[in-house]
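Q: After the structure tokens below, expect a handful of questions from me.
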Amino acid sequence: MPDSKKKIVLLSNITVGLLISKLCRKYDFYQPEGYDTWVQEVINPSAGLYSFGADAVVVLLDGTEARNWKSVEEGSGRLGLWKQAVSTLVFNITTLPIFVSTIDIRENRIKSLSERKHRYEWGNEWYQFVQGLAERKGNVYIFDLADTISEIGRKQFYSNKMWYMGSVPYSRDGLNAVATEINRVLGSAFSSRKKIIALDLDDTLWGGIIGEDGIDGIELSDHKEGQRYYDFQRQMLEMKNRGIVLAINSKNNLEDAEAAIQGHPAMLLRDEDFVSRKINWENKAINLKAMESELNITEGGFIFIDDNPVQRETVKGECPEMLVPDFPEDTTELLTFAEDIWFDYCRPLRVLGEDRKKTQMYQNEAKRKQEMSVSFNLDEYIAKLEMAVDIHRMRESEIERVVQLINKTNQFNVTTKRYIRAEVEAIAANPNNAIYVAYSSDKYGDSGLVSVVILIGDGSDARIDTFLMSCRVMGRKLEDVMINEIAAKYGGKLTGEFIPTAKNAPVKELYDRLGFEMVADEDGHRIYELKEYQKKAFESYKEIKFEG
Amino acid sequence: MEQKFLDFVAEIMEVDEVSMTMSYNEGKWDSLMMLTLVMELEAEYGVSIPMENLGNVKTLADLYKLVN
């Protein structure tokens, strides 16, 4: 499903044909007939907008028409109309992502040096409106067009010729920038996001070579030339605070590197900001592969940043799915280099509480692994971890996290069915179904909401439609505990299904292991049945809470 | 020079280069395409074509004259 062409409704007060022609290879677009008819489209319940079967809606508002606004009232009236239209849209569409643009108001510039410029107030009024929606509504996001325009500059972004000839206010550069930004915001909704950035140290997190230049000789400071590395580190830190985890992959003597990481006064990233450190003389691709299995993150979730083209080529050759961006030749571009990586590959629609704790969670996981290496068997290990699990019916406040897991879990996912929020709500609303969630925690910390089970049909014919688990907690019998409780609730009878994908091999034998009997197998698509299941006791668990 | 121009136009219009001639006026030859061509040709040739001159453009040959 992630590979099929998504259907996008594009609503705008300008002609968007040229924009669509730049994006139509990747997406199928619907736009209302006629010029500036988007408001009518929104308020007409039988409009194509609502019957197109869209996957997302983009509202792109241009402020060029403000040059024609004859009075402040006209401008305010226009904004008021647009607010009403967007509110109606958001009222009508509660499930699909809606991206609403900010507006660069191009008020007439013939003004004295003391006259009031309304574009600041209007621009801010609109921003506050859209920001408010994004905070209150789970499916509204900001498409910050005004920011894109500021970054490029109006002179370069707009073209009078294009406006007069085609009702398109954008220049060639402007069109490309808007297309890029639309592509990026849609990418946040529909393309998988990277999870980890593995970073080189020398000439990447600081300038120079620590082993040769020493802690006082490397370039790194909070001002002047050394600030380009300081700023790059801050970009990494900002990403880390939004759920991307960081790692080090560097050829160095451990003591030299550690001295700088812990002791340099201008280091923003310290030991505790990394989930893994490979500081050695090993081949970097081997280090990365070790990280993949250590952290349980697939190669496709990795970004590797290194200034050395030879290292990059080696890694590209050995790890073909890893993203290895070209390092900027001019290191004053490091800051924007990091921004582009964020926008293109990392920026999520929203940052949830679970995301902010990612680094901590991976670090706890490392401690658990350590514990495991000194334990003799799995039950003993689980007992040492002091595992606690809380399984209950999904609550309203948990829907967002459940939808997130449904759409991004690949490995421990028996059917890999993807549902949007509305579908999850519809399933939950039917009293014949049940959605269970599980929280796990242990002595090293809380893992949060890590598993979802969707059961369709009650009583004697309950079918497990979805069974997924965050890969962080795999291998701790959590799945056994969950089925144990749920099966007991359903009188020991359940039907399971396994649909093979490129990524869910880890759960291929799951149902066999849990005591289900395979009753059908068509090209690997298997149906299982559990009959007369007897509830077991899991003594290795410190606490099991189940609320049916 | 002319061939390079025609190849460039063919690429913009997503038409087979072989069928592209100075008198081409089929398919997607509409006002939107005209605008796209002007925009891309201005960037490619580093020129600015005044709107006044575009009113008389009937064929690719006319456009070719304008960019040179």
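Q: Which cross-chain or sequence-distant (5 or more) residues have an amide H under 5 Å from the amide H of residue A:278, H modelled 1.01 Å from N in plane?
A: For residue A:278, whose amide H was placed from the backbone, the distant partners under 5 Å are A:248, A:249, A:250.
Q: May I pose another question? How do A:268, A:237 line up, fewest other C-beta atoms within 10 Å first?
A: Least to most surrounded, the residues fall as A:237, A:268.
Q: Now for a different question. Rounded, prolate or oblate: which one fits segment A:374-547, using the alpha carbon gyration tensor with axes a ≥ b ≥ c (rounded when a/c is under 1.5, else prolate when a/b beats b/c, else oblate)? Could the numbers behind the result be given before it?
A: Working: a/c = 1.37, a/b = 1.20, b/c = 1.15.
Cα axes put segment A:374-547 in the rounded bin.
Q: Among A:331, A:319, A:353, whose Cα sits farthest toward the positive end of the charge dipole of segment A:289-396 (+1 at Cβ of Lys/Arg, -1 at Cβ of Asp/Glu, about the Cα centre)?
A: A:353
Q: Convert each backbone phi in segment A:37-53 into a coupling constant with the Karplus relation 6.51 cos²θ - 1.76 cosθ + 1.60 (shift: θ = phi - 60°), then list the ³J(HN,Hα) values in order as whole Hz, x for Gly and Pro.
A: 10, 5, 5, 4, 4, 5, 7, 9, x, 9, 5, x, 3, 8, 9, 5, x
Q: Please give the Cα centre distance for segment A:1-69 versus segment B:6-68, rounded to the nearest Å.
A: Segment A:1-69 and segment B:6-68 have Cα centres separated by 27 Å.
Q: Another question about this same structure. Per residue of A:160-166, count partner chain C-beta atoms within 10 Å of its C-beta, then hand back the mean as an integer.
A: 4
Q: With unit charges on the beta carbon (Lys/Arg positive, Asp/Glu negative), name the residue among A:150, A:91, A:29 whose Cα is farthest towards the positive pole of the charge dipole of chain A.
A: In chain A, that residue is A:91.
Q: For segment A:145-206 and segment A:356-427, what is the separation of their Cα centres, given in Å?
A: Taking the Cα centre of segment A:356-427 as reference, the centre of segment A:145-206 is 35 Å away.
Q: For Cα pairs less than 8 Å apart in space and 6+ apart in sequence, what is the mean separation divided by the residue count of segment A:160-272, i.e. the relative contact order in percent? Mind dumping the intermediate values first?
A: Working: 110 pairs, mean separation 27.6, N = 113.
With pairs under 8 Å counted, the relative contact order is 24 percent.
Q: Separate question: Give me the dipole magnitude in Debye, nearest 20, for chain A about the Cα centre, with unit charges on the beta carbon: positive for Lys and Arg, negative for Asp and Glu.
A: Numbers: 71 positive and 87 negative charges, 336 e Å.
Dipole magnitude for chain A comes out near 1620 debye.
Q: What are the chymotrypsin sites (Phe, Trp or Tyr not before Pro) within segment A:1-69 that DSSP puts in a loop, where the Cβ has at most 14 other Cβ atoms within 10 Å?
A: Listed in order of number, the matching sites are A:35.
Q: Compute the orientation-averaged projected area for segment A:6-190 from the convex hull of its Cα atoms and round it to one decimal in nm².
A: Taking the Cα atoms of segment A:6-190, their convex hull projects to 10.4 nm² on average.
Q: Applying the Karplus parametrisation 6.51 cos²θ - 1.76 cosθ + 1.60 with θ = phi - 60° to the phi angles of segment B:29-34, what ³J(HN,Hα) value in whole Hz is obtained for each residue in order, glycine and proline being reported as x?
A: Per-residue couplings from phi come out as 6, 10, 5, 5, 5, 4 Hz.
Q: Taking one equal scatterer on every alpha-carbon of segment A:100-226, how large is log10 of I(q)/I(0) by Debye at q = 0.09, 0.20 1/Å?
A: At q = 0.09, 0.20 Å⁻¹ the computed log10 ratios are -0.50, -1.14.
Q: Here is a follow-up. Let me check against my output: what whole-number percent is the relative contact order of segment A:472-548, with C-alpha pairs under 8 Å and at least 6 apart? Intermediate values should be presented prior to the final figure.
A: Values: 80 pairs, mean separation 27.9, N = 77.
Computed value for segment A:472-548: 36 percent relative contact order.
Q: Name the trypsin sites (Lys or Arg not before Pro) in segment A:180-249 that are in a loop by DSSP and that have at most 13 other C-beta atoms within 10 Å, would you?
A: Counting only loop positions with at most 13 other Cβ atoms within 10 Å, the trypsin sites (Lys or Arg not before Pro) in segment A:180-249 are A:224.
Q: Using the per-residue mean of other Cβ atoms lying within 10 Å as a proxy for protection, in what order, highest first, do the peptides A:426-435, A:106-115 fall?
A: A:426-435, A:106-115
Q: Would you please classify the overall shape of chain A from the alpha carbon gyration tensor, given that a ≥ b ≥ c denote the square roots of the eigenvalues, rounded means a/c under 1.5, and beyond that prolate means a/b larger than b/c while oblate covers the rest?
A: It is oblate, given that a/c is not under 1.5 and a/b is not larger than b/c.
Q: Let me ask something additional. When the Karplus curve 6.51 cos²θ - 1.76 cosθ + 1.60 is applied with θ = phi - 60°, which whole-Hz ³J(HN,Hα) does each residue of segment A:215-227 get, with x for Gly and Pro?
A: Karplus-based 3J(HN,Hα) across segment A:215-227 equals 4, 7, x, 6, 8, 5, 7, 8, 8, 6, 4, x, 5 Hz.
Q: Sort A:94, A:359, A:332 so that the residue with the fewest other Cβ atoms within 10 Å of its own Cβ comes first and the one with the most comes last.
A: A:332, A:94, A:359
Q: For residue A:448, enumerate residues with amide H under 5 Å from its amide H, sequence gap 5+ or separate chain, H modeled in the peptide plane.
A: A:440
Q: Among A:514, A:49, A:468, rank each residue by its count of other Cβ atoms within 10 Å, from fewest to most, as a rough exposure measure.
A: In increasing order of surrounding Cβ atoms, one gets A:514, A:49, A:468.
Q: When you look at the Cβ of every residue in B:32-39, what mean number of other chain Cβ atoms sits within 10 Å?
A: Details: counts 6, 3, 2, 9, 9, 0, 5, 12.
Mean inter-chain Cβ contacts per residue within 10 Å come to 6.
Q: Please list, ordered by chain and number, the residues whose modelled amide H lies under 5 Å from the amide H of residue A:63; skip anything fewer than 5 residues away on the same chain.
A: Here the answer is A:104, A:106, since their amide H atoms fall under 5 Å of that of residue A:63.
None of the figures in this text is laboratory data; all of them are computed from the coordinates on show. A quick note: this is a predicted structure, and the numbers were derived from the prediction, not measured. Every residue, glycine as well, gets a Cβ built from its backbone with ideal geometry; the counts of neighbours run over all protein chains shown.
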